[in-house]
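The values are calculated or read from the model by the stated rules, or taken from the named source; none is laboratory data. All values reported here derive from a predicted model rather than from experimental measurement. No Cβ is skipped: glycine too gets one built from the backbone with ideal geometry, and neighbour counts run over all protein chains shown. Side chains are part of the model used for accessible areas, which takes the heavy atoms of the whole protein and leaves out ligands, DNA and RNA. Shrake-Rupley method; radii C 1.70, N 1.55, O 1.52, S 1.80 Å.
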Amino acid sequence: MLRIGLTGGIGSGKTTVSKKFQTLFNIPVIDADEINRDLLTRERSAYTEIVAAFGHAILTHNGDIDRRLLRQQIFSDSQSRHTLEAILHPRIRAEISRQMSTLTSPYVLVVVPLLVELNMQDQFDRILVISTDVRHQVTRVSERDACSQQDVSKIIASQIKPAQRIQHADDVIENNGDLTRLDQQIQDLHEKYMVLST
Ligand code: ATP
């Protein structure tokens, strides 16, 4: 099975694109963000390690990990970010591998927003990057999340530069047009991946 790692900046269209592969061609999608969220729940060993490393102050009054607080902490302190990555990263990798091993499909899409930042290229056969102009990212995310354009711009500024991501790309989807334009690119890529997977 061909393993495609799909990545892109905030609001570049990762969910939109992966859903289209799923609905148009029945291609399975693994979502690293979903795995990440699941790892933070109380039943998981990562939870215990995170509480040990960050203290009980990181918990809400219900005893759940306060993801917003955790995000703030790692945003402002790179040591904390490394600590959290050391706990989560190997588990995310292992869970992606486990989920992939259960699939029978010509290819699979694995959506990993921080694929390049976390150096996860080796886990995939090809890297697909969604490339979207900043102005589209800003308008689409601020409309989707009902937040200010300034806030979105700040997040974009904190992410790696698009050119760095593109350097690792085997395939690129340009998502600066309408959804029909996106469909055409997805159709073309699907055909390519079907050939490559045989
Ligand atoms: P995040 O990084 O926040 O997880 P994402 O990369 O998954 O975001 P999407 O949620 O797929 O991005 O897209 C961001 C927003 O832009 C959504 O509201 C989506 O419907 C819209 N969108 C994506 N592509 C297009 C397009 N080609 N035309 C119009 N709207 C689009």
| message | What's the number of the only condition in (1) in contact with a helix residue (DSSP H, G or I) (Cβ under 7 Å, 6 or more places away or on another chain); (2) closer than 26 Å to residue 107 by Cβ that residue 149 fails to meet? | response | (2)
| query | For the subset of the stretch 158-181 comprising residues that are of a type in the set (A, V, I, L, M, F, W, C) and over 17 Å from the mean Cα position of the chain (by Cα), which member is farthest from the ligand (Cβ to nearest atom)? | reply | 163
| message | Quick test for you: out of 98, 67, 42, pick the one residue that is more than 24 Å from residue 165 (Cα to Cα) and within 16 Å of the ligand (Cβ to nearest atom). | response | 67
| Pairs where the first residue, in the stretch 16-34, is touching a residue at least 60 places away in the same chain (Cβ under 8 Å) and the second is among the basic types (Lys, Arg), C-beta under 8 Å, 6+ apart | 29/19
| task | Could you please find all residues in the stretch 30-46 being open to solvent by 20 Å² or more (accessible area, probe 1.4 Å) and not charged (D, E, K, R)? | result | 36, 41, 45
| query | Pick from the stretch 104-152 the residues that are surrounded by fewer than 15 Cβ atoms within 10 Å (Cβ to Cβ) and of a type in the set (Ser, Thr, Tyr): which of them is nearest to residue 195 (Cα to Cα)? | reply | 105
